[in-house]
1. Which number in (1) part of a strand (DSSP E or B); (2) exposed (fewer than 10 other Cβ atoms within 10 Å of the Cβ) marks the one condition that residue 20 misses?
2. Could you list, in sequence order, the residues of segment 9-23 that are in contact (Cβ under 8 Å) with a residue 12 or more places away in the chain and under 17 Å from residue 49 (Cα atoms)?
3. For residues in segment 24-68 being outside any strand (DSSP E or B) and in contact (Cβ under 8 Å) with a residue 12 or more places away in the chain, which is farthest from residue 14 (Cα to Cα)?
4. Out of everything in segment 45-74 that is under 25 Å from residue 18 (Cβ atoms) and in contact with a strand residue (DSSP E or B) (Cβ under 9 Å, 6 or more places away or on another chain), what residue ends up being surrounded by the most Cβ atoms within 10 Å (Cβ to Cβ)?
5. Mind telling me which of the residues 27, 8 ends up being surrounded by 10 or more Cβ atoms within 10 Å (Cβ to Cβ), at pLDDT 90 or above and under 14 Å from the mean Cα position of the chain (by Cα)?
6. For residue 37, are the conditions met, namely being surrounded by 10 or more Cβ atoms within 10 Å (Cβ to Cβ) and either touching a helix residue (DSSP H, G or I) at 6+ places or on another chain (Cβ under 6 Å) or acidic (Asp, Glu) (or both)?
7. Evaluate the following for residue 25: is it among the small types (Gly, Ala, Ser) and more than 20 Å from residue 65 (Cα to Cα)?
8. Among the residues of segment 37-60, how many are over 16 Å from the mean Cα position of the chain (by Cα) and modelled with pLDDT of 85 or more?
Amino acid sequence: MDFVIDYADKLKIPNLTHHVTNEEGKAPMLILKYEGDGQRNVMLYGHLDKQPHMEGWREGTGPTTPAIFNGRLYG
C-alpha cells in the first residue's frame, strides 16, 4: 500500500488525495480521490494484491477475461 501511495504522491496530480481505512478484522483499504470539475462521479475499483490463476471460474470468465453480466463488468 505504501508503494501505491508513494507513487500517487510522486505524480503530483492536483486535487488528488488519499485515505487509508484500517478496520479491525478487515483488510486495509486505500481510497484515492480526485476532485474534478465534471458533473458525474466515476468509481474505479481494484485490488492491490495479486491473485494466482486458478480453476473454477464460471464459463466465459476468468481473471484476465473481462465479461459483462447484467450491465456490470467482471474480470
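The values are calculated or read from the model by the stated rules, or taken from the named source; none is laboratory data. The structure displayed is predicted, hence computed values, not measured ones. Here the Cβ is made from the backbone with ideal geometry for all residues, glycine too, and neighbour counts use every protein chain on show.
1. Here residue 20 clears every test but (2).
2. If the condition is that a residue be in contact (Cβ under 8 Å) with a residue 12 or more places away in the chain and under 17 Å from residue 49 (Cα atoms), then 20 is the only one that fits.
3. 61
4. Restricting attention to segment 45-74, the residues satisfying the condition of being under 25 Å from residue 18 (Cβ atoms) are 45-51, 73.
So of that shortlist, the ones also in contact with a strand residue (DSSP E or B) (Cβ under 9 Å, 6 or more places away or on another chain) come out as 48, 73.
Numbers: 48: 11, 73: 8.
Per the criteria, the residue is 48.
5. Values: 27 fails: at pLDDT 90 or above.
Criteria check complete, one pass: 8.
6. Working: surrounded by 10 or more Cβ atoms within 10 Å (Cβ to Cβ): no; either touching a helix residue (DSSP H, G or I) at 6+ places or on another chain (Cβ under 6 Å) or acidic (Asp, Glu) (or both): yes.
It is false that residue 37 is surrounded by 10 or more Cβ atoms within 10 Å (Cβ to Cβ) and either touching a helix residue (DSSP H, G or I) at 6+ places or on another chain (Cβ under 6 Å) or acidic (Asp, Glu) (or both).
7. yes
8. Going through segment 37-60, the residues over 16 Å from the mean Cα position of the chain (by Cα) turn out to be 37-40, 52-60.
This time we only want the ones that are modelled with pLDDT of 85 or more, so: 37-40.
The total comes to 4.
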